[in-house]
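In what follows, a structure is listed as structure tokens, so that the remarks can point back to it.
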Amino acid sequence: MTDPLTLPEGQDSISLDRRSFLRTGLGGALFLGTISVTAGLSGCATSPAGRLGAVETRMDARYKFQFLTADDIKLFEALLPAILGSALPEPANARRMVIASTVERIDAGIQKFGPANQKELRQLFDLLNLGVTRVTIARLWSPWPNVTTKQANGFLERWRSSSIGLFNNGYMALTKISNVAFYGYQENWHLSGYPGPPEWAVQALPQFRKA
Amino acid sequence: MSFNDRIAQGLESGWNVIDGATLTENHTAEADVVIVGTGAGGGTTAEILAKSGLSVILVEEGRLYYQKDFKMDELTSYANLYQEGMSRTTKDGAIAILQGRCVGGSTTVNWTSSFRTPDATLSYWVKQFGLEALSPQAMAPWFEGREARHSMSPWEMAPNLNNDILRQGCEKLGFSWQVIPRNVKGCWNLGYCGVGCPTNAKQGALMTTIPGALDNNATLYHGLRAERLVMKQDKIDALQAIAMASDGITPTNITVTLKAKHFVVAASAIGSPGLLLRSKLPDPYERLGKRSFIHPVNASVAQMPKLVDPFYGAPQSVYSDEFNFRDGVDGDAGYKLEVPPLHPAMSAGVVPGHGDEQTKNLASLPWMQSVIALVRDGFHENSTGGTVSLRDDGSPMLDYPISDYLWKGLRNAFYTMAEIQFAAGAKKVRLMHLDSDWYSSWADAKAAIDGFSMKPHRVRLFTAHQMGGCGMGSNPEESVVNGFGEHHQVSNLSVHDASIFPTSIGANPQLSVYALAARNSTRLAQRLKA
């Protein structure tokens, strides 16, 4: 198994305290306290994307992103086809819609995570979005919009099978928030053969009755 | 739309319930007793004290959700009813923490399993922590009382297939199994206990002690975060609290000062040590936040030949204690075997994977069955638990390193769970470990488990039971509170939740919390009325 921390030849080792890297959580202390700053200086989007135009979201211009930045959205647009695989519809239009709505629910879910986990996710996403760390840590040469599903899958497999716990944890964080937001959504329940709450109970309970 | 439930009626009748999000200016209020937390411990304490005639203020950081909000939807419920939107983990991210954050606390979202504290656990506390008054005989009437109050009894309907497979496997292998007592009244057997009971059948704090306290003139603030207890000389003078916005997560700049003669902290085994640490209360022997226990949980899933529909029916109705105390109370790590409900989001969060493989895993959810093992931590010298400390922003976090002793127990649990599932006729079994494939025979699974790397993150770990951190004991050098939950150093402070357990319980802890809180509140009422 290759070690994802091994740098491509000819590159200097980036400064990181490997031991603290291994000790910490999602992004943890890592060297990520500084990454957000670096990301800002290097032109990464660092503020929530807010309302995107209908063309950009390809879906619902009314949704207001509160956590994910424009770069994070591109990250998930590249990752979701690899994470969700054949659960995504084939036709391009439907596929784009499902991806866009899943990204929105990921944003909505993270809203409720609270500051501590948001900080860790911010660090993880910044790490993946910033060129130098995307190359060294994720070992992806292209920016996310140019990453193929096959390459995204390779990245996920590397983090999953890595002997470094932090990468396993990053793998779990990315796949878990995506899988939960996708499979937990009513319109996707059929993909797990879940018929939803029993209809007889819905009929009988007052909270489902229209006023 | 008309609601006849206990909460809607109470609000209509003029209960003193204040939503922090509606406050527009700072204010001060006063009562005989201020209680922080509205779960198993806080609710019980509030009802008993209010019924004794004391004036009571309850403080809850989460919001008040009840029947009108409980629509059997996972995403909404996980976002609103659970700590950190169901994303809470231990410090290194290796253990997912399932914990309630709403009026009723974890009792609003638990799976209703209602066990007495095992005799072996109580006897261990008597011996190890000088808690003679907590012997099984002495505690029996308190368990009985709470079983009546919360309508607890062994589940009478047939278990769903998800649970019955645990029974079948145990039968085949000659392992003991029992029916789980549940705290329900008129249960519809739907399977949605974990997302807020839609029918009000669950007799958690929300349907019992909270209404009981409010009927007796208690005041409930929800959406109000307890920031710190403020000492004046050697006593606590006030609780400083901050109102939360209506999203439930954003603090506002409105502060509420609550004064009282006595303060009861029941904010959970993470929240209570957190509040005491933030308040910088006396802790001369540095015991606060230490010895935190979690019943580390690992899991196995199986593909069964028949439809299981693991999302329907009472989520937990069968358990096995075959391995819980097998090697003695303080021998090799024992574990209780239970079953989790599997709805789509829960399954997608528990079963690791991505891509077409994951699509296939989840497409077979109706045939999926799962067993979980709850490891009994805190009884052995190599199981000293975790530590609650504060982040820079003052929020509490739990660091829980897994010792080799626990890893051994977790590996043994993997063997047991796979063996049980194959014995019950599973076609394939997969352990919740990043190294695990689907195995089609017990021999294959066994060989694979032999080679599993037992490390954080590779083993998928969970906890739904947080305990300890304000441990009780007779010796102040080794504990935070005495056997009545009274703080060793601060005379007008008690702790009434799972944080006072000196070890884990070895069973789902809600009844242990209810019973100790009832006992300690009865004493506190007498003390304050004297």
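The values are calculated or read from the model by the stated rules, or taken from the named source; none is laboratory data. Treat the numbers as computed from the prediction; the structure is a model and nothing was measured. We place every Cβ from the backbone using ideal geometry, glycine too, and count neighbours over all the protein chains shown.
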Qualifying residue in the range B:118-136 (condition: within 24 Å of B:Ala148 (Cβ to Cβ), under 11 Å from the mean Cα position of the chain (by Cα) and of a type outside the set (A, V, I, L, M, F, W, C)): no
Conditions (1) free of Cβ contacts under 8 Å to residues at least 24 places away in the same chain; (2) assigned to a helix (DSSP H, G or I): number failed by B:Asn4: (2)
Qualifying residue in the range B:101-124 (condition: within 25 Å of B:Leu229 (Cα to Cα) and either within 14 Å of another protein chain (Cβ to nearest Cβ) or modelled with pLDDT under 95 (or both)): yes
Among (1) assigned to a helix (DSSP H, G or I); (2) of a type outside the set (Ser, Thr, Tyr); (3) in contact with a Lys or Arg (Cβ under 9 Å, 6 or more places away or on another chain); (4) over 25 Å from B:Asp92 (Cα atoms), the one test that A:Ala116 misses: (4)
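Quick grid of which residues meet (1) in contact (Cβ under 8 Å) with a residue 40 or more places away in the chain; (2) over 22 Å from B:Gly386 (Cβ atoms); (3) more than 14 Å from chain A (Cβ to nearest Cβ); (4) surrounded by fewer than 19 Cβ atoms within 10 Å (Cβ to Cβ):
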site	(1), (2), (3), (4)
B:Lys446	no, yes, yes, yes
B:Ser453	no, no, no, yes
B:Arg460	yes, no, no, no
B:Met467	yes, no, yes, no
B:Cys470	yes, no, yes, no
B:Glu478	yes, no, yes, yes
B:His487	yes, no, yes, no
B:Ser494	yes, yes, yes, no
Test set (1) surrounded by fewer than 23 Cβ atoms within 10 Å (Cβ to Cβ); (2) part of a loop (DSSP other than H, G, I, E, B); (3) not acidic (Asp, Glu) - B:Ala29 fails condition number: (2)
Hits in the range A:183-207 - residues which are assigned to a helix (DSSP H, G or I), more than 7 Å from chain B (Cβ to nearest Cβ) and touching a helix residue (DSSP H, G or I) at 6+ places or on another chain (Cβ under 9 Å): A:Gln186, A:Glu187, A:Asn188, A:Val202
Any hit, the range B:87-106, residues being touching a residue at least 40 places away in the same chain (Cβ under 8 Å), in the same structural domain as B:Ile249 (by TED's automatic domain parsing) and assigned to a helix (DSSP H, G or I): yes
Total residues in the range B:196-242, condition small (Gly, Ala, Ser) and over 24 Å from B:Thr107 (Cβ atoms): 1
Residue list for the range B:240-251, filter: of a type in the set (Val, Ile, Thr) and farther than 10 Å from B:Leu224 by Cβ: B:Ile249, B:Thr250
Condition met for B:Ala345 (under 30 Å from B:Ser395 (Cα atoms) and in contact with a helix residue (DSSP H, G or I) (Cβ under 6 Å, 6 or more places away or on another chain)): yes
Among the residues listed as B:Leu337, B:Leu281, the single one being hydrophobic (A, V, I, L, M, F, W, C) and surrounded by fewer than 22 Cβ atoms within 10 Å (Cβ to Cβ): B:Leu281
Output for the range A:147-174, where each listed residue is over 16 Å from A:Gln123 (Cβ atoms), among the polar types (S, T, N, Q) and assigned to a helix (DSSP H, G or I): A:Thr149, A:Gln151, A:Asn153, A:Ser161, A:Asn168
Considering residues of the range B:49-75 that are charged (D, E, K, R) and within 14 Å of chain A (Cβ to nearest Cβ) only, the residue surrounded by the fewest Cβ atoms within 10 Å (Cβ to Cβ): B:Lys68
The range A:134-145, residues that are within 16 Å of the chain's Cα centre (by Cα) and surrounded by fewer than 22 Cβ atoms within 10 Å (Cβ to Cβ): A:Arg134, A:Leu140, A:Pro143, A:Trp144, A:Pro145
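Could you pull out every one of the strands (runs of 3 or more DSSP E) wholly within the range B:300-407 that has 2 or more residues that are at pLDDT below 95 and touching a Gly at 6+ places or on another chain (Cβ under 9 Å)?
In the range B:300-407, there are no strands (runs of 3 or more DSSP E) which contain 2 or more residues that are at pLDDT below 95 and touching a Gly at 6+ places or on another chain (Cβ under 9 Å).
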Some residue of the range B:44-62 being within 21 Å of the chain's Cα centre (by Cα) and in a loop (DSSP other than H, G, I, E, B): yes
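Residues checked against (1) aliphatic (A, V, I, L, M); (2) within 14 Å of chain A (Cβ to nearest Cβ); (3) closer than 26 Å to B:Asp444 by Cβ; (4) surrounded by fewer than 22 Cβ atoms within 10 Å (Cβ to Cβ):
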| residue | (1), (2), (3), (4) |
| --- | --- |
| B:Gly349 | no, yes, no, no |
| B:Ala363 | yes, yes, yes, yes |
| B:Ala373 | yes, no, yes, no |
| B:Asp393 | no, yes, no, yes |
| B:Gly425 | no, no, yes, yes |
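Let's see how each residue does on (1) modelled with pLDDT of 95 or more; (2) out of contact with any Cys (no Cβ under 7 Å at 6 or more places or on another chain); (3) surrounded by 21 or more Cβ atoms within 10 Å (Cβ to Cβ):
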residue	(1), (2), (3)
A:Gly131	no, yes, no
A:Lys150	yes, yes, no
A:Arg158	yes, yes, no
A:Leu166	no, yes, yes
A:Ala173	yes, yes, yes
A:Lys210	no, yes, no
Within the range A:81-97, considering residues that are assigned to a helix (DSSP H, G or I) and under 22 Å from B:Val351 (Cα atoms), the one farthest from the other protein chains (Cβ to nearest Cβ): A:Pro81
The one condition in (1) out of contact with any helix residue (DSSP H, G or I) (no Cβ under 9 Å at 6 or more places or on another chain); (2) touching a residue at least 24 places away in the same chain (Cβ under 8 Å); (3) under 26 Å from B:Leu307 (Cβ atoms); (4) not β-branched (Val, Ile, Thr) that B:Glu156 fails to fulfil: (2)
